[in-house]
Every structure is written in structure tokens, then in C-alpha cells.
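The values are calculated or read from the model by the stated rules, or taken from the named source; none is laboratory data. Bear in mind the structure is a predicted one, so any value in this text is a computation, not a measurement. As a convention, Cβ positions derive from the backbone with ideal geometry for all residues, glycine included, and neighbour counts pool all protein chains shown.
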Amino acid sequence: MSDDVDDRHGAFTLDELSDYLDADRTPARADIEGDPDAVAALERLQVLRRASRDLLDTEASADGDERWISSVLASIRTTAHAGRDIPVPDDDPAAHLVVTEGALRGLVRTLGDDLPGVVVRRTRFSGDVGVPGGAVDVDITVVATLEASVSDRAEALRAHVTAVLGAHAPFRIRSVVVRVADVVVGGTP
Amino acid sequence: MTADVRAVSRELTAVVLAVPGVRSVLPPGPGLATLVRDVRSVLEIPRDGGAVLVQDRPDGARVRVVVTTDRAVPTIAVLRSVRDAVVAAAQHSLGAAPSDVTVRVVEID
């Protein structure tokens, strides 16, 4: 199964745009800001988020059920990031166990946060993603600072992701490739 | 099935929350297309049930569970533990095992 089924807005997936919005569009990415379709999708996402916040304010003040509203909003957030369902190998025919692609992307992003000077910009899974226990290639694009060897940081992330993702992913990891898309001199990426 | 599905939902939500590695239980979300078309549709989820969706069907109960999990615990093990806990609790409440159980991990943190 290939990874080319993503809905794209301009050159970008909804997940990439959501991540960019999560970072308050900073640092500004010229590739996104210069893409009219991507900018239009960003604006729609912002409207959706504003509507979610409005719902929280309105409903919470109406009956005080903030926990219920918060769980609905968490459901909205995770739905927007979900991506594909990745099936877990299991013998029970009455059960469907699933890890969403978005959960694994988020995990890889937090693994990048574990390492200084590295920010994960994008993660793609390709190969037998829809086959329980299938072989999958993991492609990670990062931004790194120059305070230390970029290749050492990329290798450290590759090893970290291979070890941790292997304990959580329902597929067999065939390869992990880390691509450094950009370097930042000074500061944080 | 004769049990009140909302009561069963509340019970199953508590059971799932007790599984080690589970951080939270979320109500199943709508499809992304539905979400974008009408964000208010998600508010149709009943408030007096738990977060676990329990549907009464002629061929048996259908149960949907959406969880966020702790990365310190292997996700696949958590998924299977949730499934086992839900099936056992549902069997106790409903008198029969559910005909369909879906457990989805949407966030690992």
C-alpha cells in the first residue's frame, strides 16, 4: 500500500498544515505561505479551531459540563490528525484493534523533541501499512541546528525512533530514513 | 440485549480507564468529512453515557473504544488489554460477549 492516498492542499497534507498551525505558523515557512491552496486550507483550519473554542465557551457556560466538552474537542483534534487506520495483528475475529497513523506521527514528533537541536517536520509511512504486521518504511524529515554534527543528530534520531517505534507500531519496520531538510544557525529550529 | 446501553457505556469507560497505559477515553469522532462539514454534529454524542460507544444490534452489541495511551507502555499490549477488559465487562453487563469490539489508539504521549 502506498502513501499517495493523502488528501493534499496544495503541496501539503492536512497533518502538515495542522502541525504548522500548532506552532502558530512560526517560524514562517515560505513554501507553505507561498502556496495559495495551502494558505486557504490553513484559514479553514483556523476557522474550525475558533469554532471549537467558541463551542467550548458557549456549552461550558450553559451547563458547566466542561469535561464532556473537552473530551469532544479532544476527539475533534485527534480525528483531524488521525490519517489512516493501521490494523494490529490479532486472532479475535470479533475485535478490530487499530493504531492511527496520526498517533504514530505524533509519537515520532515527541521522540524528536527528546533530542536537542532537532525538530521533526514530517513523517511518512509507506509500504504494507494496511496489512496487519506488514513491512513499512518510515521516512522522517527534520530541521536541525548546527551546534553539533547534523549527521550525528540524524543518526541519533534514527536509532531512537527505531527502538521506540518498534515497541508501539503494529507493523514491522523495514527501514527508517531521516532526511535533514533544513539547518538553522543558532537558536532553536 | 436489554441493558441500558448508556449505563453499560459508563461502566465500560471506567473499566478501560483502569487498564494500565490508558491515559484517557474519548468519544468516537465523526469522519473528517463530517467534521469539516458540520463541527456541531459531534455534539450529538449523548452526554449521560460514558465515552465508550455501545450500540444495541440484533446480532449483538457493537462497542467502540477510542483511547490515548502512555508511551511508557507498549501500545499493542495496551490495545489487547483494553479489548480483554471490555469483552469481560460487557459479557458481565449484557450477558453475552459483544459481536464487534473496535479499539482505536489515537494518541501516544
Exercise for review: Among the residues of the range A:26-45, write down those that are modelled with pLDDT of 85 or more and of a type in the set (K, R).
Suggested key: A:R29
Check your understanding: Any idea how many residues of the range B:88-109 are of a type outside the set (S, T, Y) and buried (at least 18 other Cβ atoms within 10 Å of the Cβ)?
Key -> 11
Review point. Any chance the range A:148-165 includes a residue that's among the β-branched types (V, I, T), within 14 Å of chain B (Cβ to nearest Cβ), farther than 20 Å from A:P27 by Cβ and surrounded by fewer than 19 Cβ atoms within 10 Å (Cβ to Cβ)?
Key: yes
Revision key, fill the gap. In the range A:137-165, anything polar (S, T, N, Q) and part of a helix (DSSP H, G or I) is listed as A:S151, A:T162
Exercise for review: Considering each residue of the range B:65-79, count those that are facing chain A (nearest Cβ under 9 Å) and in a strand (DSSP E or B), and give that number.
Suggested key: 3
Review point. Pairs, please: C-beta under 8 Å, at least 6 apart or cross-chain, first residue under 11 Å from A:R124 (Cα atoms) and in the range A:95-110, second hydroxyl-bearing (S, T, Y)?
Key: A:G102/A:T78; A:L104/A:T123; A:R105/A:T123; A:V108/A:T123
Exercise for review: Determine whether A:D139 is more than 13 Å from the chain's Cα centre (by Cα) and either within 14 Å of chain B (Cβ to nearest Cβ) or more than 30 Å from B:G60 (Cβ to Cβ) (or both).
Suggested key: no
Exercise for review: Return the total of residues in the range B:93-109 being out of contact with any strand residue (DSSP E or B) (no Cβ under 7 Å at 6 or more places or on another chain) and assigned to a loop (DSSP other than H, G, I, E, B).
Suggested key: 3
Practice item. Please find, within the range A:86-96, the residue that is modelled with the highest pLDDT out of those that are closer than 13 Å to A:G133 by Cα and within 9 Å of another protein chain (Cβ to nearest Cβ). Key: A:V88
Point to revise | Counted residues, the range A:109-121 - those being at the interface with chain B (Cβ under 10 Å from one of its Cβ atoms) and either in contact with a helix residue (DSSP H, G or I) (Cβ under 8 Å, 6 or more places away or on another chain) or aliphatic (A, V, I, L, M) (or both) | key: 1
